[in-house]
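S.K.: One structure, pasted below without further comment.
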Amino acid sequence: MTYDHFFKKVDSWISSKDSRSHHIAVINAYCVMQAYLNKDIDQIYSQADIIAPDGLPFARWMEKVDNLVCDQFDANSILHNLALHSQKTGYTFYLYGGHEDVLVAMRKNLLKMYPNIKIVGAYSPPFRALTEDEDRKICDEINAVKPDIIFVGLGTPKQDYWIDQHLNLIKGAVFIPSGAIFDFIGGRIKRAPEWVSQSGFEWLYRLLSKDFFRLWYRYTVLNIRFIWNFVMQIAEIKKFRPRRQIRPD
């Protein structure tokens, strides 16, 4: 997957606002372990329209070992590239998730970073499940403004469940799980310096940040389990077979 290929896919999908929406699954080691341990998450990722590497180590492995041309598709890079590409295409964006103050700051900062970006709406859901009426109302509001791209910042795996449940309720959009970028761009958490990100150790920078108690299990226990299974696969001691279940249009 490269961004040129990605843009062609997105352009074709949003050409019809009456079609079903599409799901971009951006996968890092934590997502892999979520899918390994949870059959529902495994199925959601397997049905995604694009499965792309979030983690830089994944992208580098595919390039250097599998000899594939591959870009990194972390949510920040996707947002940056889509914002630039939208200057030609006129993409419209919707932000769903995050604390209300963070969402307001994120929208303000995005307009500073990309003065021509078209943000047609934003919604900060409460920290509880929405009622059927509340959910129907927000779906109607989103459908009314017809966004092309919806960034969903609810955290993994909550955002994955939300996307899966709303693909057929919201028409003609591309859903992108965006997790931490709401906090990064909204200013709640400081992002790692570029040299740290390019080293592949942004996860360690985040682990040592103010979110240590939320992230320690993800970046220690689950990463160790991921590495163990990865070594077992490379050594051909354990077999993992990819499974795809493309949603019909």
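S.K.: For region 42-51: of the residues being surrounded by 20 or more Cβ atoms within 10 Å (Cβ to Cβ) and among the hydrophobic types (A, V, I, L, M, F, W, C), which is farthest from Ile149 (Cα to Cα)? Explain how you work it out, then say what you get.
M.R.: Within region 42-51, the first condition is being surrounded by 20 or more Cβ atoms within 10 Å (Cβ to Cβ), and the residues that meet it are 44-45, 48.
Keeping just the survivors that are among the hydrophobic types (A, V, I, L, M, F, W, C) gives 44, 48.
Details: Ile44: 19, Ala48: 15 Å.
Looking at residues that are surrounded by 20 or more Cβ atoms within 10 Å (Cβ to Cβ) and among the hydrophobic types (A, V, I, L, M, F, W, C), I get Ile44.
S.K.: Also: Taking region 128-169 on its own, how many of its residues are assigned to a helix (DSSP H, G or I) and not aliphatic (A, V, I, L, M)? If you could, list the steps in order and put the result at the bottom.
M.R.: Just the residues of region 128-169 that are assigned to a helix (DSSP H, G or I), to begin with: 132-145, 158-166.
Still in the running and not aliphatic (A, V, I, L, M): 132-137, 139-141, 143, 158-162, 164-166.
Residues flagged as assigned to a helix (DSSP H, G or I) and not aliphatic (A, V, I, L, M) within region 128-169 amount to 18.
S.K.: Taking the stated definitions as given, is His80 over 18 Å from Arg244 (Cα atoms) and out of contact with any Ser or Thr (no Cβ under 7 Å at 6 or more places or on another chain)? Working first, answer last.
M.R.: Working: over 18 Å from Arg244 (Cα atoms): yes; out of contact with any Ser or Thr (no Cβ under 7 Å at 6 or more places or on another chain): yes.
Criteria met by His80.
S.K.: Quick one: which of Lys108, Lys118, Lys137 is among the charged types (D, E, K, R), surrounded by fewer than 18 Cβ atoms within 10 Å (Cβ to Cβ) and over 29 Å from Asp18 (Cβ atoms)?
M.R.: Values: Lys118 fails: over 29 Å from Asp18 (Cβ atoms); Lys137 fails: over 29 Å from Asp18 (Cβ atoms).
Selected residue: Lys108, the only one of Lys108, Lys118, Lys137 that is among the charged types (D, E, K, R), surrounded by fewer than 18 Cβ atoms within 10 Å (Cβ to Cβ) and over 29 Å from Asp18 (Cβ atoms).
S.K.: Does any residue in region 233-249 that is farther than 17 Å from Ser46 by Cβ come within less than 8 Å, Cβ to Cβ, of a residue that is aromatic (Phe, Trp, Tyr) six or more places away or on a different chain, and which pairs are these?
M.R.: Gln233/Phe240
S.K.: Taking Ala75 as the residue in question, decide whether it is touching a residue at least 60 places away in the same chain (Cβ under 8 Å) and more than 19 Å from Ile24 (Cβ to Cβ).
M.R.: Working: touching a residue at least 60 places away in the same chain (Cβ under 8 Å): yes; more than 19 Å from Ile24 (Cβ to Cβ): no.
When the stated conditions are applied, Ala75 does not pass them.
S.K.: Sticking with this one: In the set Ala75, Ala59, which member is among the aliphatic types (A, V, I, L, M) and out of contact with any Gly (no Cβ under 7 Å at 6 or more places or on another chain)? If you could, list the steps in order and put the result at the bottom.
M.R.: Numbers: Ala75 fails: out of contact with any Gly (no Cβ under 7 Å at 6 or more places or on another chain).
Ala59 is the lone residue from the list that is among the aliphatic types (A, V, I, L, M) and out of contact with any Gly (no Cβ under 7 Å at 6 or more places or on another chain).
S.K.: Suppose we filter region 17-26 for residues that are over 11 Å from Ala173 (Cβ atoms) and surrounded by fewer than 20 Cβ atoms within 10 Å (Cβ to Cβ); how many remain?
M.R.: Number satisfying all stated conditions: 1.
S.K.: Let me ask something else. With the checklist (1) of a type outside the set (A, V, I, L, M); (2) in contact with a His (Cβ under 9 Å, 6 or more places away or on another chain); (3) at pLDDT 95 or above in hand, flag the one item His23 doesn't pass.
M.R.: Every condition holds for His23 apart from (2).
S.K.: Here's a follow-up. Tell me yes or no: at least one residue of region 216-226 is farther than 16 Å from Ile27 by Cα and modelled with pLDDT under 80.
M.R.: yes
S.K.: Restricting the search to region 140-183, which residues are of a type in the set (Phe, Trp, Tyr), surrounded by fewer than 21 Cβ atoms within 10 Å (Cβ to Cβ) and out of contact with any Asp or Glu (no Cβ under 9 Å at 6 or more places or on another chain)? Please lay out each step first, then the result.
M.R.: Here is the first cut: in region 140-183, the ones of a type in the set (Phe, Trp, Tyr) are 151, 161-162, 175, 182.
Narrowing further to those that are surrounded by fewer than 21 Cβ atoms within 10 Å (Cβ to Cβ): 161-162.
Across region 140-183, the qualifying residue is only Trp162.
S.K.: Looking at the structure I just gave you, is Pro115 under 24 Å from Ile14 (Cβ atoms) and touching a helix residue (DSSP H, G or I) at 6+ places or on another chain (Cβ under 8 Å)?
M.R.: Numbers: under 24 Å from Ile14 (Cβ atoms): yes; touching a helix residue (DSSP H, G or I) at 6+ places or on another chain (Cβ under 8 Å): no.
Answer is no for this residue.
The values are calculated or read from the model by the stated rules, or taken from the named source; none is laboratory data. The model shown is predicted, which means the values in this text are computed figures rather than measured ones. We place every Cβ from the backbone using ideal geometry, glycine too, and count neighbours over all the protein chains shown.
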